[in-house]
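Student: Take a look at this one; I'll ask things after.
The values are calculated or read from the model by the stated rules, or taken from the named source; none is laboratory data. Everything numeric in this text was worked out from a predicted model, so none of it was measured. FYI the Cβ positions are ideal-geometry reconstructions off the backbone, even for glycines, and counts take in every protein chain you see. These area figures cover heavy atoms from the full protein model, side chains too; ligands, DNA and RNA do not enter into them. Shrake-Rupley method; radii C 1.70, N 1.55, O 1.52, S 1.80 Å.
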Amino acid sequence: MADVQTLNTHSTTFEIFAGLENTDHEQIVFCQDNATGLKAIIAVHNTVLGPGLGGTRMWMYAHEKDAIRDAMRLSRGMTYKASVAGLNLGGAKAVIIGDPRTQKSEPLMRKFGRFVENLSGKYITAEDVGTTTRDMEYVKMETDHVVGLPEIMGGGGDPSPVTAYGTYMGIKASANAAWGNDSLNGKSIAVMGIGKVGMHLVEYLHKEGAQIYVSDINDSALKEAANNFNAIPVSGEDMVDLNVDIFAPCALGGILNSDTIERLKCQIIAGAANNQLEDELVHGNLLRSKGIYYAPDFVINAGGLINVYSEYTGYIREKAFAQTENIYNTILNIYKTSADENINTQMAAIAVAEKRIQDMMRVHSTY
Ligand code: NAD
């Protein structure tokens, strides 16, 4: 048994509660197991609407405080995403500190599963960057509080087609808001990143008669999009300068910054990538001042979350798609709130999310 005296609690760097004073997280759990090498943090942000759901990220964080910060930032994002999507879910997220290529093992994932089990359903986990459905199969051996499992295990399988469908609905709603008509026939659309989500999206857009431009660092994906959906490949750098109606970022985050926003010529930005705005306030406001309709990423890409939520309540694929279709109305409502409140659409989406949480707190205030 290790001696607690060896903990350097007098060091000025051991100030966890001081660092948490200005946050509104409900619970932060530190999971440590020497035998498996597990070092994980589970951040439960808000469970007013339901249990906190969020994936488990495995990453080589340079400092432990970066891991804590990431878990807290991402769990807050999950609270908003679930709330706007109208789900009875709260927000949470877990991070495992380590290299997913070399430090992952069955015992480590199963030990992590036991920590999830100890939270008795307050936290539901899923795969995320650095973890796979195979890892979740190990977690499932220790707890039922896990989603994102393969279809063969009763799960919903790959959520990307559902995410793509929600993104397509969000693009159509944005067209409706901008032009009073949601037809994409003849509209020019630049899709950046044609991976699991982007390629399905291109298929929907092609079926509707859009003129599609695509960029990706993967040449075979570009060939596939050109052959199957008549898409025109463009180099990544040129994508932002294209004279198109709609820009759909479906690759990495941070693509909307002071440089790219000045160069973009589109009227709508609506794509699946997470964390598109480099700075929510500064760049959200810049888009608004340029009159660009920006569909907030965490609203338009909620199809994946809706898919795993249906897994939690008993998976029916058609139900997941039907619920995802509602992203159309949600995006319209965000544009309306943005106009009514004179705030950018990202802030409008956060306001809508927070209002639903406040409303439900009042609903639950009596027996
Ligand atoms: P993916 O890894 O399958 O696809 C990403 C694609 O972007 C890849 O084809 C990659 O080659 C390409 N790419 C990388 N850098 C690029 C660059 N500089 N320019 C152009 N293309 C580039 O990922 P995905 O599952 O399709 O997810 C896409 C985005 O949507 C991510 O930001 C992800 O976080 C977000 N998202 C995905 C889901 C889902 O269900 N898969 C749900 C919500 C959000």
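Student: So how many residues does segment 207-224 have that are crowded, with 17+ Cβ neighbours inside 10 Å and part of a helix (DSSP H, G or I)?
Tutor: 3
Student: Inside segment 130-156, can you point out the residues that are in contact with a Ser or Thr (Cβ under 9 Å, 6 or more places away or on another chain), assigned to a loop (DSSP other than H, G, I, E, B) and in contact (Cβ under 8 Å) with a residue 24 or more places away in the chain?
Tutor: Correct list: G130, T131, T143, H145, V147, G148, L149, G155, G156.
Student: Continuing with this model, one more query. How many residues does segment 164-199 contain that are within 9 Å of the ligand (Cβ to nearest atom) and either surrounded by fewer than 24 Cβ atoms within 10 Å (Cβ to Cβ) or closer than 18 Å to G291 by Cα (or both)?
Tutor: 4
Student: May I ask you to list the residues in segment 288-319 that are surrounded by fewer than 16 Cβ atoms within 10 Å (Cβ to Cβ) and of a type in the set (A, V, I, L, M)?
Tutor: Of everything in segment 288-319, just one residue is surrounded by fewer than 16 Cβ atoms within 10 Å (Cβ to Cβ) and of a type in the set (A, V, I, L, M), namely I316.
Student: Can you pull out every residue in segment 225-249 that is open to solvent by 10 Å² or more (accessible area, probe 1.4 Å) and touching an Asp or Glu at 6+ places or on another chain (Cβ under 9 Å)?
Tutor: Result: N228, F229, P233, G236.
Student: Here is a further query. I'd like to check something: does segment 318-338 contain any residue that is assigned to a loop (DSSP other than H, G, I, E, B) and either under 19 Å from the mean Cα position of the chain (by Cα) or within 15 Å of the ligand (Cβ to nearest atom) (or both)? Step through it out loud before you land on a result.
Tutor: The first filter runs over segment 318-338 and keeps only residues assigned to a loop (DSSP other than H, G, I, E, B), leaving 326.
Adding the requirement that they be either under 19 Å from the mean Cα position of the chain (by Cα) or within 15 Å of the ligand (Cβ to nearest atom) (or both) leaves 326.
Yes, that holds for at least one residue.
Student: Hey, another quick one. Any residue in segment 225-245 that is within 14 Å of the ligand (Cβ to nearest atom), among the hydrophobic types (A, V, I, L, M, F, W, C) and either in a strand (DSSP E or B) or within 25 Å of K81 (Cα to Cα) (or both)?
Tutor: No, segment 225-245 contains no residue that is within 14 Å of the ligand (Cβ to nearest atom), among the hydrophobic types (A, V, I, L, M, F, W, C) and either in a strand (DSSP E or B) or within 25 Å of K81 (Cα to Cα) (or both).
Student: Also, I was wondering about something else. Only one of N274, N285 is in a helix (DSSP H, G or I) and open to solvent by 60 Å² or more (accessible area, probe 1.4 Å). Can you tell me which?
Tutor: The match here is N285.
Student: Pick from S310, S258: which is farther than 28 Å from D144 by Cα, among the polar types (S, T, N, Q) and either under 23 Å from the mean Cα position of the chain (by Cα) or not assigned by TED's automatic domain parsing to the domain that holds M347 (or both)? Can you show your working first?
Tutor: On the way: S310 fails: farther than 28 Å from D144 by Cα.
From the options S310, S258, the qualifying one is S258.
Student: Got a sec? Which of T345, T324, T330 is crowded, with 18+ Cβ neighbours inside 10 Å, touching a strand residue (DSSP E or B) at 6+ places or on another chain (Cβ under 6 Å) and among the polar types (S, T, N, Q)?
Tutor: Among T345, T324, T330, only T345 is crowded, with 18+ Cβ neighbours inside 10 Å, touching a strand residue (DSSP E or B) at 6+ places or on another chain (Cβ under 6 Å) and among the polar types (S, T, N, Q).
Student: Also: For segment 81-122, how many residues are open to solvent by 20 Å² or more (accessible area, probe 1.4 Å), part of a helix (DSSP H, G or I) and under 18 Å from D297 (Cα atoms)?
Tutor: 1
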